[in-house]
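Engineer: Mind having a look at this structure? Questions to follow.
The values are calculated or read from the model by the stated rules, or taken from the named source; none is laboratory data. If you're wondering where the values come from, they're calculated on a predicted model, not measured in any experiment. Note that each Cβ is placed from the backbone with ideal geometry, even for glycine, and that neighbours are counted across all protein chains shown. The accessibility values were calculated without ligands, DNA or RNA, using every heavy atom of the protein model including side chains. Shrake-Rupley method; radii C 1.70, N 1.55, O 1.52, S 1.80 Å.
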Amino acid sequence: MGFISGLVNVVVVLFSCVVAVAVPLIVAQICLPEWLYPAPLVELKQWYGEVFGDYLVTEKPHFFTGLVWVDIAFVWPLSLANVYGILARRPWVSTTSLMAGVSTATSMLSKPANRFRQSPSIVPVFMSDLNVQIPTAFDPFADANAEDSGAGTKDYVHIRIQQRNGRKSLTTVQGLKKEFSYNKILKDLKKEFCCNGTVVQDPELGQVIQLQGDQRKNVSSFLVQAGIVKKEHIKIHGF
């Protein structure tokens with residue numbers, strides 16, 4: 001029992017040290033002004049949100065901001081108390097450890113399991129940087145009506161390819177449900193297929209994902225394998 005108790009104390013101390021450092025330096029950036037932090041810490045937080053696709057960090061929904069305030073006001077002081085209590089062998093440390101553990105578990109469970117879903121109150125439109133600019137006058141749906149009379153329906157996801165100029169082409173994805181984060185899906189598509197892309201807001205069709213090159217089969221397979229769309233609900237269009 002003595003060995004197990006000592007091992008638990010080591011784990012709690014290490015975890016509490018991480019929380020004691022991460023909460024004020026990284027997590028608190030969610031609700032505090034960025035000018036309070038040096039540039040490397042701000043870039044570290046941004047890097048985490050982009051690489052791991054954590055929309056809670058990049059989009060900062062209100063419920064998550066509230067949880068961060070709880071971490072600052074409650075969990076962070078408890079982590080400091082845990083480190084001190086264990087090292088100084090204080091009798092009350094078991095109580096503070098339990099309180100911190102319950103609070104941390106509650107915060108973790110509040111994060112949605114589906115990494116593509118977003119808070120219902122947030123419908124963001126993000127423009128990603130493109131190495132090749134897409135002309136603003138270009139209409140990727142100019143031939144939609146000629147190809148398919150149901151191109152604007154909500155029952156299908158439409159994947160089209162459009163000729164831009166010369167040999168360059170553009171793949172568009174339209175019809176995804178609004179409950180999905182288009183920005184997150186775009187990031188995964190760009191990373192998976194090594195291409196550039198953006199999300200545009202069409203006045204009639206809503207948000208549309210645009211990717212450089214002919215990515216129709218790649219996008220279709222990705223959406224099906226990720227469980228975003230069923231195969232029978234995807235329509236692939238040509239030139």
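Engineer: In terms of solvent-accessible area of protein heavy atoms at a 1.4 angstrom probe, what is the ranking of Ser221, Ser181, Ser97, highest value first? Each step should come with its number before you reach the end.
Structural biologist: Working: Ser221 55, Ser181 0, Ser97 35 Å².
Highest to lowest solvent-accessible surface, that is Ser221, Ser97, Ser181.
Engineer: Distance between Cα centroids, the range 211-239 to the range 2-63: provide it in whole Å.
Structural biologist: 36
Engineer: Accessible area of Ile30, 1.4 Å probe, to the nearest 10 Å²?
Structural biologist: 20
Engineer: Additional query: Quick one: if the Förster radius is 45 Å, what FRET efficiency do Val70 and Gln163 give, using the C-beta to C-beta distance and rounding to 0.05? Don't skip to the end; give the middle numbers.
Structural biologist: Working: r = 53 Å, r/R0 = 1.17.
Efficiency, from the Cβ-Cβ distance: 0.30.
Engineer: Mind checking which lysines have their Cα closer than 16 Å to the Cα of Lys60? Skip sequence neighbours fewer than 8 apart in that chain.
Structural biologist: Cα-Cα hits under 16 Å: Lys45, Lys111, Lys184.
Engineer: Let me ask something additional. Please give the contour-minus-distance gain from Ala22 to Val102: 0.36 nm per residue of separation, less the Cα-Cα distance, rounded to one decimal in nm. Please report the intermediate quantities before stating the final value.
Structural biologist: Working: separation 80, 0.36 × 80 = 28.80 nm, distance 1.82 nm.
So the chain would gain 27.0 nm between Ala22 and Val102.
Engineer: Here's another thing I want to ask about it. With a cap of 15 neighbouring Cβ atoms within 10 Å, and only residues DSSP puts in a loop, list the chymotrypsin sites (Phe, Trp or Tyr not before Pro) found in the range 1-87.
Structural biologist: Phe52
Engineer: Please arrange Val21, Val83 by accessible surface area, largest first, computed with a 1.4 Å probe and ligands excluded.
Structural biologist: On the way: Val21 85, Val83 30 Å².
I get Val21, Val83, largest accessible area first.
Engineer: On a straight-distance basis, which lysines could pair with Lys217 in a cross-link, Cα separation under 18 angstrom, same-chain partners fewer than 8 positions away excluded?
Structural biologist: Lys168, Lys187, Lys190, Lys191, Lys230, Lys231, Lys235
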